[in-house]
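Notes follow the structure.
Read-outs throughout are calculated quantities, based only on the coordinates presented, and are distinct from any laboratory measurement. Computed from a predicted structure; not experimentally measured. All Cβ positions, glycine included, derive from the backbone under ideal geometry; neighbour counts span all protein chains shown.
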Amino acid sequence: MEIMPGTQVKVFDSRIFKNDVDTPLSMTMRLATVIRRYGYICSVFGWIYPDVIDVIFDGEPGRISKAHFTECVQTL
């Protein structure tokens with residue numbers, strides 16, 4: 001399945017991560033909706049990131065979480 005704007009996904013929420021013991025991946029992966037898919041080049045190192053997404057977490061309509069790698073999200 002392609003991950004395009006409007007797709008529901010589970011994505012890592014770094015705001016709730018404390019450490020690997022207290023907050024395992026099962027707790028930090030949250031439901032979100034993709035709002036943008038794009039690629040970019042890191043201006044500091046020149047690294048190319050060809051496929052990243054911005055999302056809005058469910059229940060937080062005003063908060064956009066940016067630059068999640070598409071290979072690290074789970075589609076529903």
Selection from segment 16-56 of residues that are farther than 22 Å from Leu76 by Cα and of a type in the set (D, E, K, R)
Lys18, Asp20, Asp22
Considering residues of segment 52-76 that are among the charged types (D, E, K, R) and within 13 Å of Val9 (Cβ to Cβ) only, the residue surrounded by the most Cβ atoms within 10 Å (Cβ to Cβ)
Asp54
